[in-house]
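Accompanying notes for the structure given below.
Quick note: the coordinates plus some simple rules give every number you see, no bench work behind them. Given the structure is predicted, the values throughout are model-derived calculations rather than measurements. Cβ coordinates were reconstructed from backbone atoms using ideal geometry, including for glycine residues, and neighbour counts include every protein chain displayed.
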């Protein structure tokens, strides 16, 4: 089968019972993503960094595509907020040399109590998207690492 877009288990997570995401209805635009392990998201305090929740997954798509990590609509009711509102993952993140393309969800907990995310809990969604480039675009750079690596010199 030709690889167009989809999900795979990231290296090191093959024997951890990771489920490949599915859409729940035929008109849904997003794939539901589960937590790969129990994770505590601590109550917010000044200076705290967002908590990374592993998915055990990597995703692949075409060169003119990207995928969005989006929160679930129920997360803010619990106090869980993504620091940037959404995550942007480029096609060349897949199988990068640093982390194999394993993507995580980041959350802050705005509630007064720590929140336990259990393995298998739905933590977010992935939406695959096409993108356009501007006139005169001549990007030739090659990704050398994982999260945040496109800014590294």
Fewest-first ordering of 74, 111 by Cβ atoms within 10 Å yields 74, 111
For Rg and Dmax of the Cα atoms in Å, pick the label among [x] 14.8, 44; [y] 16.1, 50; [z] 15.5, 53 that corresponds to the value derived from the coordinates. [y]
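Multiply the residue separation of residue 14 and residue 119 by 0.36 nm, subtract the distance between their alpha-carbon atoms, and state the gained length in nm to one decimal.
Length gained between residue 14 and residue 119: 36.3 nm.
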Roughly how many whole Å is it from the C-alpha centroid of the stretch 122-137 to that of the stretch 42-115? 15 Å
Which shape class applies to the stretch 85-127: rounded if a/c is under 1.5, otherwise prolate when a/b exceeds b/c and oblate if not, where a ≥ b ≥ c are the square roots of the Cα gyration tensor eigenvalues? prolate
